[in-house]
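The values are calculated or read from the model by the stated rules, or taken from the named source; none is laboratory data. Fair warning: this is a prediction, and the values are worked out from it, not measured in the lab. Cβ atoms come from the backbone with ideal geometry, glycine included; neighbour counts cover every protein chain shown. For accessibility, only protein heavy atoms count, side chains too; no ligands or nucleic acids. Shrake-Rupley method; radii C 1.70, N 1.55, O 1.52, S 1.80 Å.
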Amino acid sequence: SFIAKIDHNFHPGNLITGRYYYGNSNQSFPFAQLAGGLLPGFNTTTPTRVQLVSLSWVKSVGSGTNEARLGWNRFAEGFFPQDQSFLPSSIGLDTGASAYNGGLPVITFDGALGSESSFSQIGATSSVPRNRVDSNWHFIDNYSWKLGKHDIKFGYEFRRSTIMQVLNHDFRGTLSFADLSEFLQGIPDGGGQIAGDTQRHTSENSQGLYLQDEFRVGQRLTLNYGVRWDYFGVVKEENNLLFRFNPAAGGSLAQVGSGGASGLYDPDYNNFAPRVAFAYDLTGKGQTVIRGGWGIAYDAFSQDIFLGHLPWNCVFCPGPAYVGSGPGGLAFGSANAGPLAANSPVYGGFGPNEDFFVADPHMRTPYTQNFNLNIQQQLGNKAVFQVAYVGSKGTKLFQFLDINQPSQAAITASDLANGVSYLSVPRNFANFPEYLNEEKSSANSIYHSLQTTLHVNNWHGLSTQANFVWSHSIDTASDLEDFLPNQAQPQNSTVPGNDRGNSSFDIRRRFTWNFNYEFPKMGGSLAKLKNGWGVDGVLNLQDGQPWQLNYEFQGDYSGSGEGFDRPDVIGSQHYSGNPAQYLNLSSFAAPCQWSLANSDGSADESNCIAGTRHFGDLGRNSLVGPSFKEFNFTLYKNTLLTERVSLHLEADFFNLFNHPNFANPAMPNFIADIGSPDLATGQHSGFYPLTATGDVGIGNPFLGGGGPRGIQLAAKITF
């Protein structure tokens, strides 16, 4: 990597600066997060190239100053199988994959040698190859000047964002075998492949205007107020490979551009964002200050919501750019019946993808109202105490619903007429036989908090700050994606308000304390040994994050076919300090009336009495995860060896007391799977364990966040 810089002063009121950065790297790692690439030779390789350009021109104009800034950045990154250069056709395995999709298919064993984990997956993770190039242009020009007691600024902003993406999930294909014997005979018991063209090139142009004023009413009162207007351009695709959904007459898709629909969704020009704030010196002595403010901020339309979603209910429906029909449509095939024969096609029976992801044609721009009121009090000449109320309210936030999901009434009626069967429940749109996920701006959120801070600066060698926050965040969607179930898509899409609950990031109480203390200097002999000692540390204490239990396709208890139902609550929840028995599962049961009269021998919906299936009443994010406690401590010494040379010695203790901090119970599998109920009763038993600490809970280890005690010794010479 390298950086180039230039600064030029024409004169004191005319300055130009420029920067250029270039970085290039490549890494290889096992993508264990997706349970692939664990064996040598099947890593994921990731070439990455980053470029940044920034230019700034500041010039005095009249009684004010004009600033113009231009920026450009480009981020290119790919994820490829380590064995991409290997073509399966070279050993007679005709997968039909191109050279870009080279590498072995994903090969798994269902129950080799009586254990599902007896053999690791062969082949890199199924999500590769894929690559993406993000590029952004940004121009801003603002003019500011002083007018009496006013500091006024107004300006214009332009942004252009483009994305080129290839997302060849399962293009190498997958093969599963019942056991090692079937593998050696080349007889797969399952597998599939996706074919088609996933390259998409989207763009969005956005513009904004703003005006603000800082008005010093007097020595004790200052007002800030202004307004901003934003227009976020409608996302487009270079080759018109986006499709607009029309719900009329059973539903249909119209290709955007090329004589089709005019846009993926309607433009929104009504994004006016006023804001106002004040600061008031209560006594006029600068010791007690009250501050407050309110403002609206609009959120841009992320192109990712049209290019890459993570719904739990379908294998490949990442966004309106991939609809399974028309130009660029995707097709799904399955593994041909074995045994595999040399140079014979491995996959066949390709048909169009029946799972769709569309955009609400009338969705609006999400916005948030932010508001706060705080008072800051000076305590002596070394300490400041502040207490504040901080809140926000989100409106028209993004979430996605399966608008093709049958209602509870339709499910019940179908069960009573046909018996318990997902396939017999009619979908809402006759032209779409499966899932029809729609991106909407229909979610909302509310956040309230009490925030307190005590800051002490160099009191007898001690500098410290303590913070305590009590807060509560509630919403109907916590994320753009369903990294965890129900964070962007509700359990029941026909009644999304029922998923109003704790935000996935809701932490009720958090306390942090940091300090630095330098021991007093001492005279006499051995001064260099006795002086220069000090300690510092950081203490973090916080409540656990919320979570919920889901069924990971163990049964269609709701009849909706979504695959992530939640159980019913039949008793109070009991938590344990034993991580192996964290939550007692006897408080939960399958969401239906249980009977073995029509059972097929499996603990699934076949045991439900017709007409009793329903969505489980366990609330979204209603359970509480483990708390977090960590204390980091440092002992250091500074020694002046000579007039120009100094030595710094340091011993760092991370998680000094070696306290185990466990990750959210939904980690590392990104779902808290409750498993199947007892076949005889339909109720659950046993315990839900905690299995991962925070540093490995996301699937790949990282520094901090729950690891064991770590000790680091360091020495530094400055000259």
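Observations on the structure shown:
- Selected from P30, G41, S89, residue furthest toward positive end of dipole (segment 1-103; charges at beta carbon): P30
- From phi via Karplus (6.51, -1.76, 1.60), per-residue ³J(HN,Hα) for segment 183-195 in Hz, x at Gly/Pro: 5, 5, 8, x, 10, x, 10, x, x, x, 8, 10, 10
- Percent carbon-and-sulfur accessible area, the chain, ignoring ligands, DNA and RNA, probe 1.4 Å: 58
- Separation of the alpha carbons by more than 20 angstrom is noted, of K393/K440; K59/K153; K382/K629; K285/K382; K59/K146, for K382/K629.
- Separation of alpha-carbon centers, segment 38-73 and segment 512-588, rounded to whole Å: 36
- Residue among A443, F432, S421 farthest towards the positive dipole end of segment 381-450, charges placed on Cβ: A443
- Hydrodynamic radius (Kirkwood) for segment 51-96, which is based on Cα pairs only, to one decimal in Å: 15.9
- With R₀ set to 41 Å, the beta-carbon distance separating L15 from R709 gives a calculated FRET efficiency near 0.20.
- Environment charge at N540 (Cβ cut-off 13 Å; Lys +1, Arg +1, Asp -1, Glu -1): +1
- Karplus-derived 3J(HN,Hα), 6.51/-1.76/1.60, for each residue of segment 532-545, Hz, glycine and proline x: x, 7, x, 9, 8, x, 9, 10, 10, 10, 7, 5, x, 8
- Extension gain, N246-Q377: 0.36 nm per intervening residue step, less the Cα-Cα distance, totals 41.3 nm.
- Applying a 4.7 Å cutoff between beta carbons, the chain contains no unpaired cysteines.
- Only helices enter this figure: runs of n ≥ 4 DSSP H residues, each worth -39500 (n - 2.57), summed and divided by the residues of the chain, yield -1000 deg cm²/dmol at 222 nm to the nearest 500.
- Rg to Rh quotient for segment 122-278, alpha carbon positions, Kirkwood Rh: 1.25
- Evaluated with a Cβ-only charge set (Lys, Arg +1; Asp, Glu -1), segment 588-719 carries a dipole of roughly 620 debye about its Cα centre, given to the nearest 20.
- Label-point separation in nm, Q185 to H648, each point 7 Å along Cα→Cβ: 6.8
- Residues of segment 128-153 with amide N under 15 Å of the 7 Å Cα→Cβ point at W57: 139-143
- Approximate spin-label separation H8-S676, in nm, with each point projected 7 Å along Cα-to-Cβ: 7.5
- Rounded to the nearest 20 debye, dipole of the chain from Cβ charges on Lys, Arg, Asp, Glu: 3980
- Rounded to the nearest 0.05, the FRET efficiency derived from the C-beta distance between N370 and Y280 at R0 = 22 Å is 0.70.
- Using heavy atoms of the protein chains and a probe of 1.4 Å, the accessible area assigned to D83 is about 20 Å².
- Taking all protein chains as they are arranged and a probe of 1.4 Å, the heavy atoms of H150 leave approximately 50 Å² accessible to solvent.
- Here the dipole of segment 361-480 is about 540 debye; that uses its Cα centre as origin and unit charges on the Cβ of Lys and Arg (positive) and Asp and Glu (negative).
- Fully extended contour minus Cα-Cα distance, from S120 to V50, at 0.36 nm per residue: 21.7 nm
- Start at zero, step by 20 Å, and the Cα-Cα distances of the chain spread as 13, 40, 36, 11, 1 percent across the bins.
- Gain on full extension, evaluated as 0.36 nm per residue between D304 and Y100 minus their Cα-Cα distance, stands at 71.1 nm.
- Hull volume in cubic angstrom per residue (convex hull over the Cα atoms of segment 513-623): 173
- Pairwise FRET efficiency - V495 versus Y517, Cβ, R0 = 60 Å, nearest 0.05: 0.60
- Exposed-site-free run, longest, the chain (rule: trypsin sites (Lys or Arg not before Pro); DSSP loop; at most 16 other C-beta within 10 Å): 1-148
- For the pair S576 and T718, label points projected 7 Å from Cα toward Cβ lie 5.3 nm apart.
- Value of relative contact order over the chain, rounded to a whole percent, pairs C-alpha under 8 Å and six or more apart: 8
- Selection among G625, P247, N458 by position relative to the dipole of the chain gives N458 as farthest towards the positive end (Cβ unit charges, Cα centre).
- Taking all Cα pairs closer than 8 Å and separated by 6 or more residues, the relative contact order of segment 404-536 comes to 20 percent.
- Couplings for segment 333-338, taken from phi via the Karplus curve 6.51 cos²θ - 1.76 cosθ + 1.60 with θ = phi - 60°, read x, 10, 5, 5, 4, x Hz in order; Gly and Pro are left as x.
- Ligands, DNA and RNA aside, M667 has an accessible area near 40 Å² when probed at 1.4 Å.
- Remark: relative contact order (segment 126-178) = 49 percent; criterion is Cα-Cα distance under 8 angstrom and separation of 6 or more residues.
- Sites excluded, GluC sites (Glu not before Pro) in DSSP loops with at most 14 other C-beta within 10 Å, longest stretch of the chain: 239-642
- Cut-off 14 Å between beta-carbons: net charge of the residues surrounding E481, Lys and Arg +1, Asp and Glu -1: -4
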